[in-house]
Structures are given as structure tokens and as C-alpha cells.
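Asks: Mind having a look at this structure? Questions to follow.
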Amino acid sequence: MADTSVGFKCPSCSAPLEYKPGAEKVVCDYCGTEFSIADLESYYAKKEEQAAKAQEAREKKWDTEDAGDEWNEDERKMLRAFTCSSCGAELVCDENTIATECCYCGNPTMISSRYDGELKPDYVIPFQKTKEDAQKAYKEFTKGKLLLPSNFVSTSRIEAIQGMYVPFWLFDSEITANASFKAKNVDTFVIGNNQITEEHFYECHREGNMAFDRVPVDGSKKMDDAWMESIGPYDYSTMVPFTTPYLAGYLADKYDVTVEEAAPRADELVQNTALSMIDQTVTGYMSVDREEGFVTKNANSVKYCLAPVWILTTKYKNEPYTFIMNGQSGKFVGALPIDSSKQLMYTAGATLIALPVFYFLCKAVVGAFM
């Protein structure tokens, strides 16, 4: 005999439901909740509608046509480019720079080729911190480090600190966030000698409009995202329209993460933030679980921006160690090597100091028991 039942999931506990032909109501065998046919039809119609909206939201793309502009011929004449033969970094500088070193690996490099780049930045955040500020911060950073190799910090190395612009894609969007939740409250009371527990289940829906301005996504694979997050954030309200004079005396990292490649990260940041804010609006329940949530971009745009950093990469025993400072705020991070001979010397010295102390402590303990 053919099975004529239709499969549903209980809106209260998600257990399978079975509708038997001819029955007026569907009863969940697990939690005992009763549903009318009309209520179930309405419930699953809303589910299908939400699923269709979610699919439409996933397919909506960022408007990237206005991200960056084309370089004109005069601007190209003012710029030079080089690709580091050691690490492959692609950097841009002004026409007056003849020789430099790669800011990522420290490899000396001659500037030879005319720049023939892809997109020109829309905006730039100008440097607020000078090279002297960066040198001072570097000296403070290395000061008092007893295990630092003696020849690691030198005047020549401090002079090699370079100013560089790091590429960023900035995503703006006006969005609508939708989310569905399953919430529960539990009531316990006593009737005679019996303790009764009632569980109440609720379907909650939230929808809200939000705006996101200048969500940054790093446009450089060479620049470690952890470094940029450590020295951030930047104050993007200070950025100005880009012109080539801002590159005078500085390097610029050529973006190697396209706007299309950066878009999924922007989607992730916007969605996680929006849904987190929606989650906070569901209150008054003992437990709340978000069943689904999605974000629809109503309007959006993307811009290409350069952000300033001071950077120095020094090699020690063929290993690169990098110092990087926010060229706007002065916040910095860095990595330093350890001199193994100094480490051994200080360890031995600490042991020699500790031995007499240990001897007298033992002698005092022995004397106390005599």
C-alpha cells in the first residue's frame, strides 16, 4: 500500500510531522503541539518567500564600475615601477626615485621601467607622521631589548625606513537585514504534589535597514592582513581625492587583489555585523536561536584608496624582520630577532646568581631542623 503521508518539520521542535489524509489537524508526536492545515500552509509559504529573498540577496553583486579610474598620459610619465626579483612585490614610485629597496624583503632594487598600471586610486589618506617620527618609534621599540643582536639596530638601517601607501578597497552599502529566530520560554509551577513544566516556543522575525560606510578590504597580498589590523583603524574621514603629487618621495604597493576578489570579504563583514545587531533586538526569552539570516544590498558603491604606512624590513641570518607604523596615527607593530649567544650568556648568568641564593636557602632550612 502506498504511503500517502506528507513530510513536514514541526515549527516548535523541528521533529518530523506527518499529515494523514482526512485529518483536520497535524499533531507532533514528539512535543504534542497541534497545528491546523491552514497554519502550516501559511508557515511554509513564509519560509519559501524568505528562501527566495535570501537567494536573490546572495546573487546581488557589488557595483564595481566606478572603483578606480584610468591613468592619463601625463600621470604615467611621472611614475616608475619595479617588481622585486626576490619576493615578487610590485611597487610604484615617482620619477625621481632611481634606486630603493623592497620594503617587504629588503632586497636592493634599481627602478627602470615606466609605470603602466591598471586603475588609479580614487582617494588617498595623506601621511601625518614623518620619517623622523617613524625612526623615533623604531628606536623606542628596540630600546632595552637585551637579547637583540648588537648589530641589528644601526643608523644605516634606521635611515632605510620607507614611507609606502597600501591599497584598500572601500565598500559602501545601504542594506536590509532579515532574520528568523526560534525562541523559547519555560514556566514551572506546582499543582498538588506535581511539578509542571511548560515550554513555550515562538517564531520571531526581524527586518531592519542599515548603512555601512567605507568597509575596508586590503588590496595587497604581500602586506600581512594581521599587520594592518594591528596598526588600524584609519580615520577615513581625512582621505582626499588622489593626485600624483601625493606619491612624491613615497612608494605605493600596486594592488594584486582585484575588487571582485575583495567583494566576498566585504559581504562577510557587512553580513556578520548586520546580523549581530539584529540578534541583539530579540530579547525577553530564555533561549534564542537564529535559524536563518541574510542581507540584501539596496544600493552600494566601491572606491579605491591608498593608506599610509612607514615600513622597514631587515634581514638577520637570512630571515626578514619587519617593523610597520601607521602613517596617520603612529601606531606600530614589529618583529625582532633574538641573539642566541646573548640568550645563552644571560641564562648562564642567571644560573650563577641563583646558585649561591639556593645554597644559603638550603643551609637555612637544614639549620632550622637541627
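Asks: Between residues in region 203-232 that are under 24 Å from Phe323 (Cβ atoms) and residues that are open to solvent by 70 Å² or more (accessible area, probe 1.4 Å) and assigned to a strand (DSSP E or B), which pairs lie under 8 Å by C-beta distance while being six or more apart or on different chains?
Replies: Ile231/Phe332
Asks: Right, next: Given the condition assigned to a strand (DSSP E or B), open to solvent by less than 70 Å² (accessible area, probe 1.4 Å), touching a strand residue (DSSP E or B) at 6+ places or on another chain (Cβ under 7 Å) and without any contact (Cβ under 8 Å) to a residue 60 or more places away in the chain, answer yes or no: does some residue in region 181-201 qualify?
Replies: Checking region 181-201: at least one residue is assigned to a strand (DSSP E or B), open to solvent by less than 70 Å² (accessible area, probe 1.4 Å), touching a strand residue (DSSP E or B) at 6+ places or on another chain (Cβ under 7 Å) and without any contact (Cβ under 8 Å) to a residue 60 or more places away in the chain.
Asks: A follow-up question, please. Would you point out which residue out of Ala252, Ala226 is under 20 Å from the mean Cα position of the chain (by Cα) and open to solvent by less than 60 Å² (accessible area, probe 1.4 Å)?
Replies: Of Ala252, Ala226, the one residue that is under 20 Å from the mean Cα position of the chain (by Cα) and open to solvent by less than 60 Å² (accessible area, probe 1.4 Å) is Ala226.
Asks: Next question. Counting residues that are under 27 Å from Tyr234 (Cα atoms) and modelled with pLDDT of 75 or more, which helices (runs of 4 or more DSSP H) fully inside region 62-161 reach at least 1?
Replies: 131-142, 155-159
Asks: Identify all residues within region 243-266 that are assigned to a helix (DSSP H, G or I), touching a strand residue (DSSP E or B) at 6+ places or on another chain (Cβ under 9 Å) and in contact (Cβ under 8 Å) with a residue 12 or more places away in the chain; write none if there are none.
Replies: Residues satisfying the conditions are Thr244, Tyr246, Leu247, Val259, Ala262, Ala263, Arg265, Ala266.
Asks: A follow-up question, please. Tell me, yes or no, whether region 230-247 has at least one residue that is surrounded by 14 or more Cβ atoms within 10 Å (Cβ to Cβ), charged (D, E, K, R) and within 30 Å of Cys102 (Cα to Cα).
Replies: Checked against the condition, which is being surrounded by 14 or more Cβ atoms within 10 Å (Cβ to Cβ), charged (D, E, K, R) and within 30 Å of Cys102 (Cα to Cα), region 230-247 yields no hits at all.
Asks: Output the residue which, of all residues in region 27-51 that are without any contact (Cβ under 8 Å) to a residue 40 or more places away in the chain and either outside any helix (DSSP H, G or I) or touching an Asp or Glu at 6+ places or on another chain (Cβ under 6 Å) (or both), is least open to solvent (accessible area, probe 1.4 Å).
Replies: Top of the filtered list is Cys28.
Asks: Lys297: at pLDDT below 95, outside any strand (DSSP E or B) and basic (Lys, Arg), yes or no? First the steps, then the outcome.
Replies: On the way: at pLDDT below 95: yes; outside any strand (DSSP E or B): no; basic (Lys, Arg): yes.
No.
Asks: Sticking with this structure for a sec: Give region 206-223 a look and list any residue that's at pLDDT 90 or above and open to solvent by 50 Å² or more (accessible area, probe 1.4 Å), or say none.
Replies: Scanning region 206-223 gives Arg206, Glu207, Asn209, Ala211, Asp213, Arg214, Pro216.
Asks: Oh, and also: Given (1) of a type in the set (A, V, I, L, M, F, W, C); (2) open to solvent by 50 Å² or more (accessible area, probe 1.4 Å); (3) not in a helix (DSSP H, G or I), identify the lone condition not met by Leu306.
Replies: Of (1) of a type in the set (A, V, I, L, M, F, W, C); (2) open to solvent by 50 Å² or more (accessible area, probe 1.4 Å); (3) not in a helix (DSSP H, G or I), only one is false for Leu306: (2).
Asks: On the given criteria, is Val270 in a helix (DSSP H, G or I) and surrounded by 13 or more Cβ atoms within 10 Å (Cβ to Cβ)?
Replies: When the stated conditions are applied, Val270 passes them.
The values are calculated or read from the model by the stated rules, or taken from the named source; none is laboratory data. Bear in mind that the values here come from a model prediction, so they are computed numbers and not experimental data. For neighbour counting, all protein chains shown are included, and Cβ atoms are generated from backbone atoms with ideal geometry for every residue, glycine included. Side chains are part of the model used for accessible areas, which takes the heavy atoms of the whole protein and leaves out ligands, DNA and RNA. Shrake-Rupley method; radii C 1.70, N 1.55, O 1.52, S 1.80 Å.
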